[in-house]
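Trainee: Pasting in a structure now, in structure tokens, and then I'll have a few things to ask.
Read-outs throughout are calculated quantities, based only on the coordinates presented, and are distinct from any laboratory measurement. Just so you know, these numbers come straight off a predicted model, no measurement behind them. With ideal geometry, Cβ positions are generated from the backbone for all residues, glycine too; neighbour counts draw on all protein chains shown.
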Amino acid sequence: MDLSKKAIKDIITKQFPVLGKEEIKLFLSISEYSWAKSKKLLLKGGSNSKQVLLILKGSARAFMIDKSGQDLNNYLRTEGNLIADARVFGNETQILSVESVSEIHYLKFDIEQLEQLGYKNKKLMEFYLNFLKEIILALSHRVNTFVSMTAKERYDDLKKWNPLYLHSTYDKHIASFLGITPLTLHRIKKNKIKPIK
């Protein structure tokens, strides 16, 4: 079911208090609202497009299929976050696709258009920079968890860092995100995993 224009504005106002009415109007002028059921491909890898999605409600995953045909989740995103291949900020061809994990409501827009609006509007530039900062922090955190934590510690960290993922995402996607098998995730959840010596 579609969200009304008022509902969209209310969500943006709540999620991004830095934006005033004028900034929301400008942002919505470059955005296209849509929604999808779970397991719907929203952005396809292999593109040089600058399109990103701002999740209003629901969750999505950015993934790739490796050479052996295995489905690998690079990251999961929920409400109030952008999702796309990070290569959208550069000139490389994107390798990640984006798929809805649950029913999702989102705004699709060109990230370069938002950046250009930001040069003319301080609040929109802050809005844009806040996205960049959050993405940098999330990627840095993700690298750190893989370098310094065991599978169980990564799962516990995910529970603290963003418990919404655990309630809105399939276990197979969580396992892939954590770099473990679904069976290992099941054992971790049941507290049956033995520590690595």
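Trainee: With angles folded into 0 to 90 degrees, how steeply does helix 111-120 sit against the dominant principal axis of the chain? Use alpha carbons for both and round to 10.
Mentor: With rounding to tens, the tilt is 50 degrees.
Trainee: Another question, if that's okay. Calculate the length of the line joining the C-alpha centroid of the range 1-71 to that of the range 134-154, in whole Å.
Mentor: One Cα centre to the other: 24 Å.
Trainee: Show which lysines lie in cross-link reach of residue 9 when reach means a straight Cα distance below 27 angstrom and same-chain residues fewer than eight apart are skipped.
Mentor: Qualifying lysines at Cα under 27 Å: 21, 25, 37, 39, 40, 50, 57, 108, 120, 122, 123, 133.
Trainee: So for the pair residue 125, residue 10, with labels modelled 7 Å out along Cα→Cβ, what separation do we get in nm?
Mentor: Once both label points are built, they end up 3.4 nm from each other.
Trainee: Among 105, 145, 31, flag the residue with its Cα farthest along the positive direction of the charge dipole of the chain, charges on Cβ as +1 for Lys/Arg and -1 for Asp/Glu.
Mentor: After comparing all options, I get 145.
Trainee: Give me the dipole magnitude in Debye, nearest 20, for the chain about the Cα centre, with unit charges on the beta carbon: positive for Lys and Arg, negative for Asp and Glu.
Mentor: Approximately 740 debye in magnitude.
Trainee: Another one. Which of the listed residues, 170, 13, 1, is farthest toward the dipole's positive end in the chain, when Lys, Arg count +1 and Asp, Glu count -1 at the beta-carbon?
Mentor: So the residue furthest toward the plus end is 170.
Trainee: Enumerate by residue number the trypsin sites (Lys or Arg not before Pro) in the range 6-80 meeting two conditions: DSSP loop (anything except H, G, I, E, B), and at most 11 other Cβ atoms within 10 Å of the site's Cβ.
Mentor: Working: sites: 6, 9, 14, 21, 25, 37, 39, 40, 44, 50, 57, 61, 67, 77; in loops: 37, 39, 40, 44, 50, 67.
Sparse-neighbourhood loop trypsin sites (Lys or Arg not before Pro): 37, 39, 67.
Trainee: Working from the pairwise distances between different alpha carbons, so that the mean of 1/r is found and then inverted, what is the chain's Kirkwood radius in Å? Each step should come with its number before you reach the end.
Mentor: Working: mean 1/r = 0.0561 Å⁻¹.
For the chain, the Kirkwood estimate is 17.8 Å.
Trainee: Compute the relative contact order of the chain as a whole-number percentage, counting only Cα pairs closer than 8 Å that sit 6 or more residues apart in sequence.
Mentor: 23 percent
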